[in-house]
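Here the structure is laid out as structure tokens; the discussion comes afterwards.
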Amino acid sequence: MSTESPAETVDVKGQNCPMPVIKTKGAFDALAAGETLEVVATDSGSMSDIKGWADSTDGAELLSQEEATEDGEAVYKHYIQKAE
Amino acid sequence: MSTDTTVSAGGELSAEDVDALAERIDTLEAELADLRSDVENGPKKMVIIATKGTLDMAYPPLILASTAAAFGYQVTVFHTFWGLEILHKQNSKNLKLSSVGNPNMPVPNVIAALPGMDQMTTRMMQNKIADNDVASIEELIEISLESGVDLQACQMTIDLLGYDEADFYDGVTTGVGAASAFQEMVEADIQLLV
């Protein structure tokens, strides 16, 4: 499964709106077709924002979104694949 | 929708096959029309007119502009009157929050009007911004410019306030007026006044 082997990881922990979406867009543009991007954020709004961005962006497929706890802090992980 | 309309071995189409194909052609024609219009009209556009220069009102245009750019929009922000302060290299670092006439502030107007109160509320807001990992105005300007947002400074207001082109961030467009802003608004999909 491609979510287990992202080609690139964007760490936007500690950054708030609008940075997660903007950094996601920048990294997504640099991906090759078929590759998956992992975005790790601490902004809870990123769950809705990155979904909205992926829904409106051609060639971006949101594979999954996960909420986890790392070092006692809520972390939101997003996996986006670039279309072939 | 199914795309694998099967044709019977003898090459004859049933009435259902013909209907399915007709529907498929309609869908493809509609998609083609959308694509044609995208190609002919170029990317979607947003224009924001930024007229305010307080710390709280500097954020919305820059956040929306950089976000719209991430959505593939071609974005123009036309800064006029106090909106110019956002693009001014020095003044943008010292934007203030007014406590007078702001019902969201925890102090009544008579106290808010005392000397030094704006500095205090501004410092409170700056601390909150830093504590909540919100980007600074300067960072948002850099990100917007990097994302291809056209940050424009109204020439009439530059002259009115006695500013110089060199006072603004590198990459800011000067020498533009209401007519060019209006023309961009006419062509835009979204127009906002902040």
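Every number in this text was worked out from the coordinates using simple rules, so none of it is lab data. Keep in mind that what you see is a predicted model, and the values were worked out from it rather than measured. In this analysis, Cβ positions are derived from the backbone assuming ideal geometry, glycine residues included, and neighbour counts consider all displayed protein chains.
Observations, loosely collected:
- Rounded to the nearest 20 debye, the dipole size of chain B about its Cα centre is 1460 debye, using +1 on the Cβ of Lys and Arg and -1 on the Cβ of Asp and Glu.
- Peptide B:125-134 has a mean of 2 when you count, residue by residue, the C-beta atoms of other protein chains within 10 Å of its C-beta.
- Taking the number of Cβ atoms within 10 Å of each Cβ as an exposure proxy, the fewest-first ranking of B:Ile25, B:Ile129 is B:Ile25, B:Ile129.
- Selection from B:Gln155, A:Gln15, B:Ser37, by position along the positive dipole direction of the protein assembly as shown (Cβ): B:Gln155
- Antiparallel DSSP beta bridges within chain B, percent to nearest 5: 5
- Gaussian network model of chain A, springs between alpha carbon atoms under 10 Å - residue of A:Glu35, A:Glu73, A:Glu61 with greatest fluctuation: A:Glu73
- Total charge dipole magnitude, the range B:114-162, about the Cα centre, Cβ charges on Lys, Arg, Asp, Glu only, Debye to nearest 20: 280
- If R0 equals 25 Å, the separation of the Cβ atoms of A:Asp29 and B:Glu138 corresponds to a calculated FRET efficiency of about 0.55.
- When each full DSSP H helix of chain B is screened for a Cα extent of at least 24 Å along its own axis and an average Kyte-Doolittle hydropathy of at least -1.0, the helices passing are B:15-41.
- Rounded to the nearest 20 debye, the dipole size of the protein assembly as shown about its Cα centre is 1640 debye, using +1 on the Cβ of Lys and Arg and -1 on the Cβ of Asp and Glu.
- Average beta-carbon neighbours from other chains, 10 Å sphere, peptide A:49-59: 2
- Taking each DSSP H run with n ≥ 4 as -39500 (n - 2.57) and averaging over every residue of chain A yields -8500 deg cm²/dmol at 222 nm.
- Between the Cα long axis of helix A:46-56 and the first principal axis of chain A there is an angle of about 20°, rounded to the nearest 10.
- Only lysine pairs 8 or more places apart or on separate chains count here, and in the protein assembly as shown those with Cα atoms under 18 Å apart total 20.
- Rounded to the nearest 500, the 222 nm mean residue ellipticity of chain B from helices alone is -14500 deg cm²/dmol, with -39,500 (n - 2.57) taken per DSSP H run of at least 4 residues.
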